[in-house]
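For reference, the structure is listed below as structure tokens.
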Amino acid sequence: MSDLVAELEWRGLVHHATRDLHAHLAAGRRTVYCGFDPTAPSLQLGNLMPVMLLRHFQLAGHRPIALMGGGTGLIGDPSGKPGERPLLSKEQAREHVHLQRDQMARLLDFDPGPAQALVLNNADWLVEQRLVDFLRDIGKHFTVNIMLQKESVQARLDSGISYTEFSYMLLQAYDFLHLFRSKQCSIQVGGSDQWGNITAGIDLIRRVEGGEAHGLVGPLVTTASGAKFGKSEAGALWLDPTLTSPYRFYQFWINTDDRDVERYLKVFTLLSQDEIKALLKSHHKDPGRREAQKKLAIEVTQLVHGDTARSAVVAAEILFGEFDPHNASGAAFDTLVQEIPTTVVASTDSLTLVDALVRSGLAKSKSEARRAIEQGGVYLNQQRVKEGDRRIEAGDWLADQHLLLRKGKKDYALLRLQGAR
């Protein structure tokens with residue numbers, strides 16, 4: 001087995017870890033789990049760090065379990081939250097678990113083998129628990145004094161915490177115990193806010209089973225400016241392409257600050273140490289090319305969105321790079337349709353560039369359109385046009401009959417022929 005802990009430390013993925021974790025991993029193949037809260041119908045960018053932890057364990061030969069919180073999600077984790085969460089209905093929790101489970105299938109390796117990933121739902125064993133039995137068998141191992149010392153509880157003492165959320169720690173600890181018993185799972189990973197819950201599970205396994213268990217948590221990821229990671233002007237960035245398009249997802253990474261790019265390459269990609277070092281060396285020679293940001297964006301978008309990442313990359317390079325739209329596929333234009341104003345036209349007959357600018361909304365009138373053309377501020381398929389009487393020819397329509405228009409540096413529009421897929 002490779003020195004996994006050293007690799008994770010180099011990548012900046014270790015905030016806390018139990019003392020003998022290295023020896024535990026060196027002794028043989030292990031099973032490791034991480035829990036995911038079904039508060040939303042999609043995983044967020046913030047969930048990607050613990051997913052990467054699971055993936056690194058898997059690449060080192062260990063078996064990962066993604067535990068969907070269909071049961072704990074009905075209670076609500078107080079960790080990192082300033083106030084009480086709204087309670088999910090059982091129907092909402094089931095739907096969210098189903099959607100997040102499908103996303104997880106793209107992030108871990110589920111091919112048969114000793115390190116094959118599993119996705120489980122803790123509702124399968126928590127929902128049917130009998131209260132009195134649970135309090136006798138599990139609750140007696142926890143003292144209120146110890147629970148009050150946990151960071152997630154301490155942070156809420158002034159604002160208040162319900163008994164429901166106060167009890168969350170017991171449920172997560174029981175999850176660890178259940179997986180220890182049923183799947184021989186001896187390691188739990190997560191974000192730094194989960195350390196108290198993880199150590200509670202480790203202690204419960206020791207008390208009930210006399211077993212050895214371990215934990216590892218990654219740091220809270222922030223930007224160099226101190227802003228919360230994974231947020232954009234539009235709000236949270238989701239791993240579901242219907243909530244955050246692959247194009248916008250790619251653009252988030254492209255816009256990474258130079259101060260953050262090395263850290264993000266280590267945390268969010270599977271590039272080797274040598275690959276990252278070589279990339280950063282090249283990047284530092286000419287930061288203006290943003291070579292590191294482009295590689296980061298490609299790697300993470302492919303990881304999350306698979307084959308559709310290519311269309312997002314091409315679409316972004318058409319608008320902001322040097323990719324010739326004449327070489328783009330229909331899939332790239334399908335992506336652009338979702339991102340820039342698009343007008344469907346029924347026919348190309350007698351269409352002039354002036355008409356195209358007006359119909360696309362880039363010009364309010366034909367006279368305004370002509371002025372913009374004559375002043376050299378209009379581009380057809382990214383090529384400047386200065387002829388005010390320019391007609392749109394058959395050869396101007398790109399893959400699947402699209403016409404890309406630009407006025408000035410940033411104002412884009414797309415004409416799409418009716419019937420184009």
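The values are calculated or read from the model by the stated rules, or taken from the named source; none is laboratory data. Here the structure is a predicted model, which means the values were calculated and not measured. Because the Cβ atoms are built from the backbone with ideal geometry, glycine has one as well, and the counts that use them run over all protein chains shown. These area figures cover heavy atoms from the full protein model, side chains too; ligands, DNA and RNA do not enter into them. Shrake-Rupley method; radii C 1.70, N 1.55, O 1.52, S 1.80 Å.
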Report task. Answer yes or no: is there a residue in region 203-215 that is part of a helix (DSSP H, G or I), of a type in the set (Asp, Glu), open to solvent by 50 Å² or more (accessible area, probe 1.4 Å) and modelled with pLDDT of 95 or more. Result -> yes
Query raised in the report: Which one of Ser350, Ser360, Ser329, Ser365 is farther than 30 Å from Asp257 by Cβ, of a type outside the set (A, V, I, L, M), over 24 Å from the mean Cα position of the chain (by Cα) and open to solvent by 80 Å² or more (accessible area, probe 1.4 Å)?
Result: Ser350
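Please determine, by comparing only the residues of region 277-313 that are β-branched (Val, Ile, Thr) and surrounded by fewer than 21 Cβ atoms within 10 Å (Cβ to Cβ), which one is nearest to the chain's Cα centre (by Cα). Can you show your working first?
Initially, region 277-313 is screened for residues β-branched (Val, Ile, Thr), giving 298, 300-301, 304, 308, 313.
Checking which are surrounded by fewer than 21 Cβ atoms within 10 Å (Cβ to Cβ) leaves us with 298, 308.
Working: Ile298: 13, Thr308: 15 Å.
By that ranking, first place goes to Ile298.
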Query raised in the report: Can you name the residue in region 394-408 that is modelled with pLDDT under 90 and assigned to a loop (DSSP other than H, G, I, E, B) and, of all such residues, is most open to solvent (accessible area, probe 1.4 Å)?
Result: Gln401
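Residue by residue through region 354-374, note down the ones that are hydrophobic (A, V, I, L, M, F, W, C) and more than 15 Å from Glu387 (Cβ to Cβ).
Val358, Leu362, Ala363
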Report summary line: Over region 151-196, the set of residues open to solvent by less than 10 Å² (accessible area, probe 1.4 Å) and within 12 Å of Thr72 (Cβ to Cβ) is Glu165, Met169, Ala173, Asp175, Phe176
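In the list Leu13, Leu54, Leu48, which residue meets the criterion of being open to solvent by less than 10 Å² (accessible area, probe 1.4 Å), assigned to a loop (DSSP other than H, G, I, E, B) and under 28 Å from Ser245 (Cα atoms)?
Leu13
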Report summary line: Quick count over region 187-227, residues being closer than 18 Å to Val51 by Cα and among the hydrophobic types (A, V, I, L, M, F, W, C), is 8
Report summary line: Subset of region 229-269, residues among the aliphatic types (A, V, I, L, M) and open to solvent by less than 70 Å² (accessible area, probe 1.4 Å), comes to Ala236, Leu237, Leu239, Ile254, Val261, Leu265, Val267
Report task. Kindly indicate whether any position in region 217-228 is in contact with a strand residue (DSSP E or B) (Cβ under 8 Å, 6 or more places away or on another chain), open to solvent by less than 20 Å² (accessible area, probe 1.4 Å), at pLDDT 95 or above and of a type in the set (A, V, I, L, M). Result -> yes
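Being open to solvent by 30 Å² or more (accessible area, probe 1.4 Å) and outside any loop (DSSP other than H, G, I, E, B) is true for just one of Arg29, Arg94, Arg19. Which residue is that? Spell out the reasoning first.
Values: Arg29 fails: outside any loop (DSSP other than H, G, I, E, B); Arg19 fails: outside any loop (DSSP other than H, G, I, E, B).
Exactly one of Arg29, Arg94, Arg19 is open to solvent by 30 Å² or more (accessible area, probe 1.4 Å) and outside any loop (DSSP other than H, G, I, E, B), namely Arg94.
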Requested in this report: Just one of (1) over 25 Å from Ala93 (Cα atoms); (2) surrounded by 10 or more Cβ atoms within 10 Å (Cβ to Cβ) trips up Gln129, so point out which.
Outcome: (1)
